[in-house]
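What follows is a set of notes on a single structure, which appears directly below.
The values are calculated or read from the model by the stated rules, or taken from the named source; none is laboratory data. All values derive from a computational prediction rather than experimental measurement. All Cβ positions, even for glycine, are placed from backbone atoms using ideal geometry, and neighbour counts span all protein chains on display. With ligands, DNA and RNA removed, areas are computed over all heavy atoms of the protein, side chains included. Shrake-Rupley method; radii C 1.70, N 1.55, O 1.52, S 1.80 Å.
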Amino acid sequence: MARAKNNLWNRYKYKINGVVILLAGYFLYTTLFPQFPDTWAAKKVGQFEVTPMPYNLDAPYFHDGVYTKDFFLMFNEGDVNSIKQAYLTIGEKALPLETLAAEDHGILHGSEHGQEVHGLAPKELTSNHRVWLTIQTWQGEILLTSWPLPQSLLSNSY
Amino acid sequence: MAKLSNRFLFQLHGWFSLPVWIVFCFVCLTGTIAVISHEITWLTNTNARALNPDNLPEKKVTELIDTVESAYPTAKITTALSFEPYLVNAVIFTDSDKPYAIAYVNQYTGEIQEVNQGFTFINFMRALHGWLYFPWQNSYSVGYYLVCAMAIVMLGALITGLLVYKNFWRAFTQPKLRVNQGKKTFLADLHRLAGVWSVWFLLLMSLTGLWYLVQAIMWQNDIEIDPHPPIVAVNDLPSGSQIPQRAYSLQDALTITQQKFPDFKSRYVMPPEHYRDTYKFYGEGDFIFYDQYSYGVTVNPWNGEIMSTRSPDEMNVVQTLSHIANPLHYGTIGGIWTKIIWFIFGVFLTGMSITGFLMWGERTFKAAKRQQHLTETESVSVSNNTKSSVSV
């Protein structure tokens, strides 16, 4: 039987998997000091002023039967308790509130310290798409605003 | 044929565990520590201890939440968790100056003993063992798959190990650990002895590990195990232009839950995150092999209706597997005593990966070194002989 040569590769090939543990150290560092994408421009809508931020610049992901893109929304002005229900979706047009309210996809949740949303999204994002925020207040008002998709998000979507 | 297959099995045993031995050993070691991470926290942090010198009765989780809300009036409670009776409850909240904080509340005295800003040893160990801190790509993590794949390694090493070690059951009746016959013999005896006594544990870890692998594939492919609880229909929300108060409080919802499941012991409470959301309670009952979230009730805050339930009686096969895997893998089925047993066998397992590597090292490069040394000695003696013959 051929005897393996006692060279560096043969000596260390089985231990090279240990590099994975070094990666764990690097990933721990990135977890402790997370980097988020830039926030988008604040928009006034009714009594509210909202600043959105996508959690990452990745393409939408498939979850619970739909494509989803996660956002963090800061309500700089306005009381989130006065929102009866609110939804965030991505598309060429805003979806009617009745359509959104029939399901629970894209509903805003959280607190006055920050709202989160798994926004309903198309599989692929294009420059024709916008991010739509639909808010219904307890007074019955339906408020709508939107943001264009930044290039940083579009370039990762293909 | 028998000889050939034995040699092949021995090689296979090595192939299963050697190429990834460092990661394998690391996963065993971190898992071993993770099993008792709550207890290590208890030992190292007095604030994490739920001391009860006056023998007070345990307060309801809703009271503990009220305590945190009173102490931090702008806080919003996101979750409340309870663990072993000797550990404080964790009330998790966000506040204007804290994006994520955990209040350690003593369930007997009601005292907030610490406010941790989110990073705990328990979570650190679990993430390190569970997915090696590899980032989650929404529904999967490469690290989670890597760790789950160790189950295949472990099962393969176990089966081939038992096939190679003929009459392995003798290790139960006539355990053999020869300490005076050289390092090789000692390592081999130790490896085999620990292996045979750990067969049940190796099987349990590898089978639950294989289940975690299946679960990971299901997550990535969006196959739901426990269905999402429904949300409140818009028509069930109150009309009127004022911001309404929920008709049923968290305490009312807990009472409704306990009426539904009389043995219910709350472990995880989640207040509504928006006005169409429900109160969510998950806990344990009297089925010891099921995890601490195997009972669940979601309650409509506007009309007190139970929106969904979860209990071992209602579970399908996949749900049952998902709820019995954790207690078996974590060793929590019998409280601290089973955790200690799991820890001891975790040490054996970690040790086996080390002794296995050392045995392989003895057999390969130490043998190669000895061979090299012998060759060099021979060549020196040959050259000396040549020199002496020349001089003569």
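Values computed for the structure shown
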item	result
Rg/Rg_globular for the protein assembly as shown, with Rg_globular taken as 2.2 N^0.38 Å and Rg from C-alpha atoms	1.22
Nitroxide proxy distance, nm - points 7 Å out along Cα→Cβ at B:Phe121 and B:Lys166	4.9 nm
Listed peptides B:133-146, B:239-252 by packing density, highest first (mean Cβ within 10 Å)	B:133-146, B:239-252
Accessible area that becomes buried as B packs against A, both chains, 1.4 Å probe, Å², nearest 100	3600 Å²
Evaluated at q = 0.18, 0.24, 0.31 Å⁻¹: base-10 log I(q)/I(0), Debye formula over Cα of the stretch B:80-139	-0.76, -1.03, -1.20
The stretch B:65-202: relative contact order as a whole-number percent, Cα under 8 Å and 6+ apart	11 percent
Only Lys, Arg (+1) and Asp, Glu (-1) charged, at Cβ; the protein assembly as shown dipole about Cα centre in debye	4220 debye
1.4 Å probe accessible area per residue over the stretch B:61-154, in Å²	39 Å²
Under DSSP loop assignment and at most 16 Cβ neighbours within 10 Å, longest trypsin sites (Lys or Arg not before Pro)-free interval of chain A	A:16-92
Charge dipole (debye, nearest 20) of the stretch A:37-84; +1 at Cβ of Lys and Arg, -1 at Cβ of Asp and Glu	160 debye
Relative counts (whole %) of C-alpha pair distances in the stretch A:29-111, using bins that are 10 Å wide	14, 43, 35, 7, 0
Inter-label distance for A:Lys13 and B:Asp236, nm, one decimal - labels placed 7 Å from Cα along Cα-to-Cβ	6.2 nm
For the protein assembly as shown, share of DSSP beta bridges that run antiparallel, in % to the nearest 5	100 percent
More than 17 angstrom apart: percent of Cα pairs within the stretch B:82-187	74 percent
Nearest-10 value in Å² for the accessible area of B:Trp131, using the 1.4 Å probe	70 Å²
Lysines whose Cα lies under 30 Å from that of B:Lys369, excluding same-chain neighbours fewer than 8 positions away	A:Lys5, A:Lys13, A:Lys15, B:Lys3, B:Lys176, B:Lys183, B:Lys184, B:Lys387
Separation in nanometres of the label points that stand 7 Å from Cα toward Cβ, at A:Ala102 and B:Thr109	5.6 nm
Residue-averaged beta-carbon neighbours from other chains (10 angstrom radius) around A:6-19	4
Computed FRET value (nearest 0.05) for B:Ile223 with B:Thr185, which takes r as the C-beta separation and R₀ as 45 Å	0.35
Shape metrics for chain B, restricted to C-alpha atoms - Rg then Dmax, Å	28.2, 119
Cα-based reach from B:Lys76 at 30 Å (exclusive), listing lysines while leaving out same-chain residues under 8 positions away	A:Lys43, A:Lys44, A:Lys69, A:Lys84, B:Lys59, B:Lys60, B:Lys98, B:Lys260, B:Lys265, B:Lys280
Stokes-Einstein D (µm²/s) once Rh is taken as the Kirkwood radius of chain A over alpha-carbon pairs, at 25 °C in 0.890 mPa s	135 µm²/s
The stretch B:116-177: C-alpha pair distances exceeding 16 Å, %	65 percent
Heavy-atom surface of chain A, accessible at 1.4 Å and reported per residue (Å²)	53 Å²
